[in-house]
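Below you'll find the structure, written out as structure tokens, and then a few comments.
The numbers here are math on the coordinates, done by the rules we state, and not lab data. Keep in mind the model is a prediction, meaning the values are calculated, not measured. Because the Cβ atoms are built from the backbone with ideal geometry, glycine has one as well, and the counts that use them run over all protein chains shown.
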4 protein chains.
Amino acid sequence: MPNRAAVMTELEHIEIQEIPEPEPGPMQAVIRIEAVGVCGSDTAYYKVGRIGDYVVDGPIVLGHEVSGQVAKVGSDVTNVAVGDRVAIEPGTPCRNCKECMAGRYHLCPDLVFLATPPYDGALMQLMAIDARNLYLLPENMSYEQGALLEPLSVGIWGCKRANLAAGDDVLVTGAGPVGLLAAAAARAFGAGSITVTDLSEFRLGLAQRMGFATERSDAPSDKTFDVLLECSGAAGALAAGMARLAPAGRAAMIGMPKKEVPLPLAALNVNEVTLSLVNRYNHTWPLAIELVSSGRIDVNDLVTHHFPLAESADALTLSSRVNDSVKAVVHPQQ
Amino acid sequence: MPNRAAVMTELEHIEIQEIPEPEPGPMQAVIRIEAVGVCGSDTAYYKVGRIGDYVVDGPIVLGHEVSGQVAKVGSDVTNVAVGDRVAIEPGTPCRNCKECMAGRYHLCPDLVFLATPPYDGALMQLMAIDARNLYLLPENMSYEQGALLEPLSVGIWGCKRANLAAGDDVLVTGAGPVGLLAAAAARAFGAGSITVTDLSEFRLGLAQRMGFATERSDAPSDKTFDVLLECSGAAGALAAGMARLAPAGRAAMIGMPKKEVPLPLAALNVNEVTLSLVNRYNHTWPLAIELVSSGRIDVNDLVTHHFPLAESADALTLSSRVNDSVKAVVHPQQ
Amino acid sequence: MPNRAAVMTELEHIEIQEIPEPEPGPMQAVIRIEAVGVCGSDTAYYKVGRIGDYVVDGPIVLGHEVSGQVAKVGSDVTNVAVGDRVAIEPGTPCRNCKECMAGRYHLCPDLVFLATPPYDGALMQLMAIDARNLYLLPENMSYEQGALLEPLSVGIWGCKRANLAAGDDVLVTGAGPVGLLAAAAARAFGAGSITVTDLSEFRLGLAQRMGFATERSDAPSDKTFDVLLECSGAAGALAAGMARLAPAGRAAMIGMPKKEVPLPLAALNVNEVTLSLVNRYNHTWPLAIELVSSGRIDVNDLVTHHFPLAESADALTLSSRVNDSVKAVVHPQQ
Amino acid sequence: MPNRAAVMTELEHIEIQEIPEPEPGPMQAVIRIEAVGVCGSDTAYYKVGRIGDYVVDGPIVLGHEVSGQVAKVGSDVTNVAVGDRVAIEPGTPCRNCKECMAGRYHLCPDLVFLATPPYDGALMQLMAIDARNLYLLPENMSYEQGALLEPLSVGIWGCKRANLAAGDDVLVTGAGPVGLLAAAAARAFGAGSITVTDLSEFRLGLAQRMGFATERSDAPSDKTFDVLLECSGAAGALAAGMARLAPAGRAAMIGMPKKEVPLPLAALNVNEVTLSLVNRYNHTWPLAIELVSSGRIDVNDLVTHHFPLAESADALTLSSRVNDSVKAVVHPQQ
């Protein structure tokens, strides 16, 4: 089978290249990639070439929100078969270290993660990956929904990190894809009320259509909350959100701030709040699939734009070009 | 205002009596009772006069699933006003002991609980109770729904006691009102899948209409579960359910077994399961109201029969007279 | 009985005044105060008249680390009797609000706390307080030890807030009284290893004599830790300590920083650490008594200086006058 | 190197046999076994050939409480070197299944566990095992102490399963090696008080010398407890112990009962207790080593008898022959 990839050869430049057809290792499968969602981190690597300590220093393939069809399987693979429609968890742990054995494989120091330098991502037609990262898509789910399980996983894990309990009143700051999916996850976890904030009227409207209460970030009410899911990464959003927490409130920082974050800890101390940082997710695909497949969470609303592989660069720059966009999906077989 | 009550003067005998109009203490309110659900424990007191160590030894008024309208308030009451439509949490704790101060007021040794000897319940027209036990009913909720918040609270608390986490596969044994509401609560908590078992085809049909998978108790599949919510109280149900738990599975015993329960602990030990006993609920009304008011849980399906106060005896014996019954509600103002 | 108090009439000025003999309310006891430890917060109120939003705006009596002997009891008191030797928990909650009923009485918005404006503290000879705040001192414990249960409680609660589990490697930054007692509490909780940091050689020496590993704050090793107990309040200590946490590490901020704290959250995010703020303590006296009484924690080492009531001002300024001091205790009956 | 093993060729019969010298696999080490503690399960296999579903159906080598010296290492081993003194965790998980990846490797369905049929144990001179099961012994620890880390691990894990928190009042039923080590672990976790029960005056005396309060099992006081660690396996011990729990009490069943256990759940329900089953341990060696090495737990007191390899049969029958015995240790190099 021929294989093509959208290779970022330098900053803000994508070339469509022929690449070798991958052969699966014994525990791997080769996936015919059908849908790749574009994440803010992809866009950051494309535009500035780094996120924190992760620096792009050579050609790289982006994309880590992925689904596709199994094209080949290695000799020891038993959980999937050729032809299966699958969603892909993008991180492959070592299964050997203290973190892996403690149930924290997502913090494995040797984690191989799609589209995080120096590892390539999934904006290609055929890709080999550990078959244990694959989850079967139910018949009633599309590849597009399969790709969006990745940002939904971020929202689910954020709720878990915040110890979100049924009945909690939840504030979600930032109505981008992750914020909206975190809000959807919070509702699936039994949140009592959910309020989403943003500055974009378009996004607030989308949040409303998804059934959430909304506020403009710059005009907060005086409501207090049990849980904050900070999904904007905006300067000051975490401090402002934590100040709205009730006694024993819990905050999860899902959005990634650019620099040091000043927090008024002496004041927050009175309410004895807890702040949990969030690094991706751990074992969230089964729940994400169940929530989407059962209709309890609808991810289709978020996909506003589609692109063939050749237009990957347009997909990567969508958010800065089109105000009223939420999520771009690239279809590598097109 | 005149006041009438359905007084159980002896076993299996109810008299409608005129009783004094209650005056509220400083922190109390007088409630015009509008709906009282009949619980299996009411029926047990009516028929055999005892549940475990709680023995009826004089006239008693039954009924503890209650809603109504505030008719009077004491001098120190600030949370409700005359005319408010309210649901009633039936247990009044001392707010003074170690359990109360540890956040476990439901285990307060001095808890005063409606319709638990020696305390009267709510099958009357006017009743005084601590105003802190009252929760405002949203406009879109009926008194009937308000009364059913009590059994829903049992289900919610059972889920909490089982540490039910989003994504768990849940087995609910027993499709009576509490089992069905526990299943509904499990779904609201984000359960991955929910399977309800019973012997009654009528109840299994109701469970199916509520969207749950079903099995006959006597013909279990070989599916395993993360969580068991035992709601039948049937002999052997707990042991059989626990045997279906996956490693690290959690069981909550919500149904009350009649005698000693033999458990095959040496075998269950391999999977290191946990069994949590369940004594009513703790601070569940706000969540119960939110889940019903938002439409995430529909309790109306469970109410199959209605009775005026004068027919309280019929309500108390409904389950033994009518096979296809689920929940009886008494309307004391009728 | 005559009664005298050390009244702070203005900044940095104490007057010994005759004050009325207190009469106990029905649930109160009058305590003959025998030992009052001086805390950094007392010194802060004495010198600058405020801590955060708490402002001294009139005469105030300081002191909240307290023990004494019961001199009178109110009509409803049953847990203590005249002559009992007791330690005093300084906060009196309302027992009525949502926080109190949720087991978080220390976050009660109406908490009355000794020596926190506008409430007086315990630098007096006779003081009335809710008898439910009193804990009997075992015979083998001194009043001085009884007073030090308060800072030990801060350390215990910090360990609880950090979810300190047996086996955790613990870093304690700041070797003042609270830091040393937090380290002692960590050992009592089964910490695997405990490292204490400070700049003072005197305090590091004391930490070593108590059996802890030590490091100079300005010359950290490259060891990593599961838990950080930040007890210095120093600028940068929290960020530096959190950077030394292993994956899934937990930090408790016990020391109170003066201003906004800049945290490098994007970097800390990789290890998915958790930061818990700490507001005093909740139900820690029974454990504190058990740990001191059984000899598992020795608090005597910390008391370096003693003062009679008339020299309360000297006690309040000890830390700034004497380098090699740790804890001053005032004896109001002297 | 020659190699000899104590092989149980039939019930109640041991033969000392020459066996091949093991060669390490790439991730394995060969250990020169220096100390093997005898566990009640070894004795049960020796006498009746089964424990629950685990049945001895051929020659087997017993012994799973083990320490020794590294004699050879496989090509990929990096954590130990020839000559290292090590304690051995006896279970080897697959590192691949859902349980392993969830941090529950001890519940791995493919766990290979020493001396659990069909797997051989350690009553031999040289044994190969996964090097990741090895923990370095500090210089101040003996091989004998190293072997006793295994039963100590059972006690530690029992405390964890019971959510034992600092300050809890703990009841330990059964003063055998596991009971005494569970009590020691409870103290290391910060238990408030610890009471050990047994029928043997010898064992109660030992418990007293270790600093625990004691009661005869047949003459319980009316003290109540927060935590029960049931370590006797005796009929009725679990039910009797659970009945002594305070509200919200937690029980861990560490001793293995022979048959179905009847529990008075309806009565226990009032206090809403929790029962956690216990299957060995998970990641306990580092803490066990720290507690023994630091002197916080002294395991030497438990070892009452020593045997050379040739007398393994005597070691396996010690408890039934000698009343005042606690723990036998076999030294395979003697």
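For chain C, averaging the sequence separation of C-alpha pairs within contact (under 8 Å, six or more residues apart) and dividing by the residue count gives a relative contact order of 18 percent. A label point on D:Ser221, set 7 Å along the Cα-to-Cβ line, lies at 4.2, 5.4, 5.6 nm from each of its counterparts in the other copies, closest listed first. At an R0 of 22 angstrom, the distance between the Cβ atoms of B:Asn163 and A:Asp298 translates into a FRET efficiency of 0.20. Inter-label distance, C:Thr224 to D:Thr317: 5.3 nm, where each label sits 7 Å from its Cα along the C-beta direction. Extent along the principal axes, Cα only, for the range C:93-138: 35, 31, 13 Å, with the longest axis given first. The residue in chain D that lies nearest, by its beta carbon, to the axis linking chain D with chain A is given here with the distance in whole angstrom as D:Gly103, 1.
Could you work out the relative contact order of the range B:241-293, using alpha carbon pairs under 8 angstrom and six or more residues apart, expressed as a whole percent? Numbers along the way, then the final one.
Details: 38 pairs, mean separation 24.1, N = 53.
Answer for the range B:241-293 is 45 percent.
For the range C:196-292, the square roots of the Cα gyration tensor eigenvalues, ordered a ≥ b ≥ c, give a/c of at least 1.5 with a/b no greater than b/c, which places it in the oblate category.
A dipole drawn for the range C:206-334 from +1 and -1 charges on Cβ atoms has a positive end, and of C:Phe212, C:Val299, C:Val270 the residue lying farthest that way is C:Val270. Candidate cross-link partners of A:Lys72 among the lysines, defined by an alpha-carbon separation under 28 Å and a same-chain spacing of 8 or more, comprise D:Lys98. Whole-percent P(r), the protein assembly as shown, all Cα pairs, 20 Å bins from 0: 10, 34, 39, 16, 1.
Copy-to-copy label distances for B:Ala235, where each label lies 7 Å from Cα along Cα-to-Cβ, are 1.9, 7.3, 7.5 nm in order of increasing length. Tell me whether the range C:191-230 comes out rounded, prolate or oblate; compute the Cα gyration tensor, take square roots of the eigenvalues as a ≥ b ≥ c, and use a/c under 1.5 as the rounded threshold. Oblate shape, in that a/c is at least 1.5 and b/c is the bigger or equal ratio. Taking a straight Cα-Cα cut-off under 24 Å and skipping sequence neighbours fewer than 8 places away in the same chain, the lysines within cross-link reach of C:Lys259 are A:Lys258, A:Lys259, C:Lys47. Put simply, the C-alpha atoms of the range B:93-251 give a gyration tensor, and the ellipsoid matching it has half-axes of 31, 19, 15 Å, longest first. Scanning chain C for helices, which whole DSSP H stretches are 15 Å or more long along the axis (Cα) and average 0.0 or more by Kyte-Doolittle? Membrane-span-like by this criterion, though nothing is claimed about a membrane: C:149-161, C:177-188.
If you take the Cα centroid of the range C:185-230 and the Cα centroid of the range D:173-240, the two points sit 34 Å apart.
Rounded to the nearest angstrom and listed largest first, the equivalent-ellipsoid semi-axes of chain D from its Cα gyration tensor are 33, 21, 19.
Distances between equivalent label points of D:Arg50 across the copies, with each point positioned 7 Å along Cα→Cβ, amount to 4.2, 6.6, 7.8 nm, shortest listed first.
Coupling constants for the range C:263-269 follow from the phi torsions by the Karplus curve (6.51 cos²θ - 1.76 cosθ + 1.60, θ = phi - 60°), and in residue order they are 10, x, 5, 4, 6, 5, 4 Hz; glycine and proline get x. Normalising the Debye intensity of the range A:1-98 to I(0), with uniform scatterers on Cα atoms only, and taking log10 at q = 0.21 Å⁻¹ returns -1.19. The calculated FRET efficiency for C:Asn140 paired with C:Tyr119, based on their beta-carbon distance and R0 = 30 Å, is about 0.40.
Convex hull volume of the C-alpha atoms in the range B:35-187, normalised per residue: 148 Å³. Take chain C, mark every one of the GluC sites (Glu not before Pro) that falls in a DSSP loop and has at most 16 other Cβ within 10 Å, then report the longest stretch left between them, sites excluded. Longest site-free region, per DSSP loop and neighbour criteria: C:13-138. Say a paramagnetic label sat at a point 7 Å from the Cα of D:Ala267, along Cα to Cβ; which residues of the range D:215-251 have their backbone N under 12 Å from it? Counting only backbone N, you get D:239-245.
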